[in-house]
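Remarks on the structure that follows.
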Amino acid sequence: DNAIKKSSPLFGKKVLVTAGPTYEAIDPVRFIGNHSSGKMGFALADELARLGADVTLIAGPTTQKATQNLKRIDVVSAQQMYDACLSVFPETDITVMCAAVADYRPKQVATQKIKKQQSDLVLELEKTTDILASLGSAKKAHQILVGFALETNDEENYAKSKLEKKNLDLVVLNSLNDKGAGFRSDTNKITIFNKALERSVFEMKAKADVAKDICSAILKIAK
Ligand code: CTP
Ligand code: CA
């Protein structure tokens, strides 16, 4: 059994995966969120663990359950996810940021439930920290950093510019234009770009199989 573990391709590797949405509080009963189900991130975390990695999964609010043995840290907001990622990242060999992190949060969080008024309501939003970009600038030469890009238009160019701007080793493009891909769905259709901007296009498939394709791309660049 130990011999099998040691021959696993990611044996001894410390891997960080983020998954799910983040919720940004408006008041004690309301939040700003998104449609991320966490399925893709959990499938990835499970697959990386199956390949022998020592996986830490930082998850936003989700009903998903990991099937493999891994360390799970539950968070709610982008700030909490950022703090959790920063504490784990220095020790990691491979990081995959699959979470759909909110880009904006309410500038003020009301301590009491906001009551309905005669007038319309205006919420002021402030930017959250870009976790992936922060990790990209802190990244050491031995560390592999994988990001996602969710796009609806001019998708390949946006994905490639995220790879470069955030100092990534791989970017996984998720197109919302493909039917059956993305949020909630059990299937996904991805395109992966490496640092040389070489493109790998994959068929629509089950998220568990998409996770295998992403892991193969990671294994190609992992030492
Ligand atoms: N990401 C992050 N922290 C944020 C926002 C995004 O770590 N505050 C990460 C996501 O986990 C993903 C990647 O950045 O791996 C790209 O996310 P995406 O929403 O596609 O891109 P953004 O850079 O946020 O740009 P935009 O939403 O304007 O397309
Ligand atoms: Ca975003």
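What pairs can you find where one residue is in region 138-150 and free of Cβ contacts under 8 Å to residues at least 40 places away in the same chain and within 14 Å of residue 193 (Cβ to Cβ), the other is of a type in the set (A, V, I, L, M, F, W, C) and within 13 Å of ligand 1 (Cβ to nearest atom), and their Cβ atoms are less than 6 Å apart, with a gap of 6+ or different chains?
Listed by first residue and then by second, the contacts come to 149/159; 149/171; 149/173.
Output the residue which, of all residues in region 96-107 that are outside any strand (DSSP E or B) and touching an Asp or Glu at 6+ places or on another chain (Cβ under 7 Å), is farthest from ligand 1 (Cβ to nearest atom).
107
From 74, 83, 46, grab the single residue that is more than 24 Å from residue 184 (Cα to Cα) and more than 16 Å from ligand 2 (Cβ to nearest atom).
Among 74, 83, 46, only 83 is more than 24 Å from residue 184 (Cα to Cα) and more than 16 Å from ligand 2 (Cβ to nearest atom).
One line per residue, one yes/no per condition, for (1) over 17 Å from the mean Cα position of the chain (by Cα); (2) hydroxyl-bearing (Ser, Thr, Tyr); (3) near ligand 1 (Cβ under 10 Å from one of its atoms); (4) surrounded by fewer than 22 Cβ atoms within 10 Å (Cβ to Cβ):
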residue	(1), (2), (3), (4)
143	no, no, no, yes
148	no, no, yes, no
151	no, no, yes, yes
154	yes, no, no, yes
157	yes, no, no, yes
167	no, no, no, yes
173	no, no, yes, no
181	no, no, no, yes
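Are any residues in region 80-95 more than 16 Å from ligand 1 (Cβ to nearest atom) and surrounded by fewer than 13 Cβ atoms within 10 Å (Cβ to Cβ), and if so, which ones?
Hits for region 80-95 are 90, 91.
Name the residues in region 196-223 that are under 18 Å from residue 17 (Cα atoms) and among the small types (Gly, Ala, Ser), would you?
Matches in region 196-223: 208, 211, 216, 217, 222.
Scan region 32-53 and tell me whether some residue there is out of contact with any His (no Cβ under 9 Å at 6 or more places or on another chain), free of Cβ contacts under 8 Å to residues at least 12 places away in the same chain and either under 20 Å from residue 104 (Cα atoms) or surrounded by fewer than 20 Cβ atoms within 10 Å (Cβ to Cβ) (or both).
No, that holds for no residue.
Scanning region 58-79 for residues that are within 13 Å of ligand 1 (Cβ to nearest atom) and not hydrophobic (A, V, I, L, M, F, W, C), which turns out nearest to the chain's Cα centre (by Cα)?
This residue is 60.
Residue-by-condition table, conditions (1) over 30 Å from residue 29 (Cα atoms); (2) surrounded by 13 or more Cβ atoms within 10 Å (Cβ to Cβ); (3) free of Cβ contacts under 8 Å to residues at least 24 places away in the same chain:
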site: 113; (1), (2), (3): no, no, no
site: 127; (1), (2), (3): no, no, no
site: 161; (1), (2), (3): yes, yes, yes
site: 198; (1), (2), (3): yes, no, yes
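So, restricting to helices (runs of 4 or more DSSP H) that lie completely within region 1-91, which ones have at least 3 residues that are closer than 23 Å to residue 149 by Cα?
By residue number, 39-50, 78-88.
If residue 143 satisfies every condition in (1) among the polar types (S, T, N, Q); (2) at pLDDT below 95; (3) out of contact with any Lys or Arg (no Cβ under 8 Å at 6 or more places or on another chain) but one, which is the exception?
(2)
Given (1) more than 16 Å from ligand 2 (Cβ to nearest atom); (2) among the basic types (Lys, Arg); (3) surrounded by fewer than 12 Cβ atoms within 10 Å (Cβ to Cβ), where does residue 139 come up short, assuming only one miss?
Going through the list (1) more than 16 Å from ligand 2 (Cβ to nearest atom); (2) among the basic types (Lys, Arg); (3) surrounded by fewer than 12 Cβ atoms within 10 Å (Cβ to Cβ), residue 139 breaks only (3).
The values are calculated or read from the model by the stated rules, or taken from the named source; none is laboratory data. Since we're looking at a predicted model, the values are computed, not measured. Neighbour counts are summed over all protein chains in view; Cβ atoms, including those assigned to glycine, are modelled from backbone coordinates with ideal geometry.
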